[in-house]
Amino acid sequence: PEDIRVYEFAEKLKRPMSDVIKVLFDLGMMMTKNDFLGSDEIEVLSDEFGVEVTIIDPKDEFNYEEDLAHDVEEDPNAVKRPPVITIMGHVDHGKTSLLDAIRSAKVTEGEAGGITQHIGAYTVEQHGEPITFIDTPGHAAFGAMRQRGTDVTDIIIIVVAADDGVKPQTEEVIKIAKDSGAPVIVALNKMDKETANPDLVKGQMAEHGMTSVDWGGDVEFIPLSAKTGMGLDDLLENILITAEVLDLKANPKVPAKSAVVEASLEKGRGPVATVIVQNGTLKVGDNIVCGSSYGRVKALIDENGKQIKSIGPSHTAQVAGLDTVPPSGEVLMAVSSDKEAKEYAHKRYEYDRHKELSKSTKSTLEDMTAMI
Ligand code: GTP
Ligand code: MG
């Protein structure tokens, strides 16, 4: 971050260098002409001289995620992590019912005293193996994450109502799934209905390049019913088998990198973000940055409303402690100090604002040309 020297700053402001040094000195900062200014100093100086300083090179893509991201592939300390699942499908085909059915069948008994709250993601266990589900309207969250490059989804479940077949949104999610490259499992839902016709669905899906294993293809189709619970175990088993093949890994011992699934402002708690950890461990007390938002993890709350101390890879919790509400799909990272968090957030804020400004200037110009 320290990339401007005292004399460069003075030149930019067209002020004598001695003035700049004096202001710094008066504020208790001993600096000479070749010293680099930190963002705190720059902030103070710009206040003092009544100028607005934007520390951006617009050509310089902002990529703090890459700066800080930990390379899992290359990490000898990476260990197995649970899979993260997104459920997608046509309207009314049973996405919400399926998520609810899995959750109520698998949430550890007694843990929550039956009270569960919606937090946008949850983790269940199948034979002691955790599986995390993203519990938000399927492809909205997915789209937001893809846009920001926070692909947390390891496996996509496409729900198709066996009594209704492939519909426009099913086609849409097939395309999304193919583009993402994530493996797909098809949940043939509503099998309890008399009008259910799994073979019809298999035929339609095959036409879209998703052929069932029993038809000679490579996509698992699991007949189930979110209503009766039939087939849920098969689905979870299949998820674990698919995850095994993917050989998913992360290192729980590094600072956390996580993705925001959803976030909101909550009464008494301030900005709260539901995150899924991609790598590392997120702990209470960590300094965090999330886009232009930053802070310290004040509390981590699990899907049962319980306060927890930390979460590891592929696990999820609500994070309280950011200063503003971040957008879904944003990266939330732990950094080494409060100063670093603040700096990154500020840089990002300036970057976003710059982008926003250049967008609006452009459209104004276009509008004007249109008027002429
Ligand atoms: P949107 O969020 O609106 O896109 O719908 P959804 O895909 O989340 O579907 P939802 O779970 O809301 O289910 C739609 C309707 O189908 C509801 O009336 C459910 O009760 C019903 N339904 C879901 N799963 C089953 C099932 O396995 N069997 C039967 N008979 N009905 C089901
Ligand atoms: Mg729904």
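Every number here is computed from the coordinates shown, using simple stated rules; none is lab data. Computed from a prediction, not measured in an experiment: that's the story for all the values here. Virtual Cβ from ideal backbone geometry, glycine too; neighbours counted across all protein chains shown.
List of remarks:
- Sorted ascending by nearby beta carbons within 10 Å, beginning with the fewest, Glu350, Glu194, Glu207 become Glu194, Glu207, Glu350.
- Each residue in Tyr294, Tyr351 was given a count of other beta-carbon atoms within 10 angstrom of its own, and listing them fewest first yields Tyr351, Tyr294.
- For Met88, Met31, Met333, order by how many other beta-carbon atoms lie within 10 Å, fewest first: Met31, Met88, Met333
- Among the listed pairs Lys80/Lys253; Lys106/Lys175; Lys106/Lys253; Lys95/Lys167; Lys14/Lys339; Lys175/Lys249, those beyond 19 Å (Cα-Cα): Lys106/Lys175; Lys106/Lys253; Lys14/Lys339; Lys175/Lys249
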